[in-house]
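Written out below as structure tokens is the structure these notes cover.
The values are calculated or read from the model by the stated rules, or taken from the named source; none is laboratory data. Keep in mind it's a predicted model, so treat the numbers as computed, not measured. Note that we place each Cβ from the backbone using ideal geometry, even for glycine, and neighbour counts take in every protein chain shown.
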Amino acid sequence: MGNKTLVNHDFITSTLTADDPWCKSHGARDGGEDLGAGMIYYGLAHSLKAKTCVCLGSGGGFVPRMMRQAQRDLNLEGSRTILVDGGTNVSEARKKIWGSPYWLPEDSTFRRNYPDVEIILKLTKDALHDVFVPDKIEIDYLHIDADHHYDGVKLDWELFSPLVSADGVITLHDTVNHREPCGVPRLLEEIRREGRYGVVNFPIRYGTAILKKHCDLPDENPAASR
């Protein structure tokens, strides 16, 4: 095959999956050549030419790496990738279940390779009111992967999905993770039943669903008044 390949395996292992034990939940592996669901995240950001990508929660920085790399590869002027994570602000009880971000140190592989990813170390509801609403940020591609309890992921959905543009998309992680207390599959089924969004659910490792609002539905933005 020679050089006839769409992906650069050296770059993947040195930059995209490097020092990220959490990427296994997306079907990849730490330092591995296989991106798993990372191809979905990169492909969506690239094909949509998403100028504003937002990732809520990330254990190892895998999804924001893919988002930002797509923007870099497109030379997308004025683009930004924003990572919102509660970090040390998350309750101890929930940290024991879901862990803490692997990338918090400033010299982490993720932060060294992607210093242009904007990091907001706040709980998602605080980030919404302190940053997103005042700055009137409209999102082209939103990934939800923060609090996995039902009440937490439902709140993230209710707060941030209204900020997504009419042509934008949302991905939801852990959609086939049925281990208690993960409430993502329950939320996804509610969204599917409500019928406002088209849903495609990929059973890659813990599951990733792509959601797109049906175009004939009116826009709503209750988050701004919360």
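Given the structure, is E194 over 20 Å from the mean Cα position of the chain (by Cα), under 30 Å from P134 (Cα atoms) and modelled with pLDDT of 95 or more? Here the answer is yes, as E194 does meet what is asked. Here E77 meets each of (1) closer than 24 Å to P181 by Cβ; (2) out of contact with any helix residue (DSSP H, G or I) (no Cβ under 9 Å at 6 or more places or on another chain); (3) at pLDDT 95 or above; (4) not hydrophobic (A, V, I, L, M, F, W, C) with one exception, condition (1). Checking each residue in region 48-79 for being part of a helix (DSSP H, G or I) and either farther than 29 Å from K125 by Cα or among the polar types (S, T, N, Q) (or both) picks out Q69, Q71, D73, L74.
The number of residues in region 86-120 that are modelled with pLDDT under 95, of a type outside the set (G, A, S) and within 25 Å of N177 (Cβ to Cβ) comes to 13. For residues that are in a helix (DSSP H, G or I) and touching a strand residue (DSSP E or B) at 6+ places or on another chain (Cβ under 9 Å), scanning just region 27-47, find the one that is nearest to T81 (Cα to Cα). Filtering first and then ranking leaves A45. Taking the criterion of being without any contact (Cβ under 8 Å) to a residue 24 or more places away in the chain and either surrounded by fewer than 21 Cβ atoms within 10 Å (Cβ to Cβ) or assigned to a strand (DSSP E or B) (or both), the residues of region 141-189 that qualify are H178, R179, E180, P185, E189. Among the residues here, L16 qualifies as surrounded by 17 or more Cβ atoms within 10 Å (Cβ to Cβ), under 13 Å from M67 (Cβ atoms), over 14 Å from the mean Cα position of the chain (by Cα) and among the hydrophobic types (A, V, I, L, M, F, W, C). Tallying residues that are part of a helix (DSSP H, G or I) and aliphatic (A, V, I, L, M) within region 190-211 yields 1. Could we say that K122 is assigned to a loop (DSSP other than H, G, I, E, B) and of a type outside the set (A, V, I, L, M, F, W, C) here? Yes: the conditions hold for K122.
Would you check which residues across region 108-125 are under 17 Å from S58 (Cβ atoms) and either surrounded by 18 or more Cβ atoms within 10 Å (Cβ to Cβ) or out of contact with any strand residue (DSSP E or B) (no Cβ under 9 Å at 6 or more places or on another chain) (or both) and list them?
Within region 108-125, S108, T109, F110, R112, N113, Y114, P115, V117, I119, I120, L123, T124 meet the criteria.
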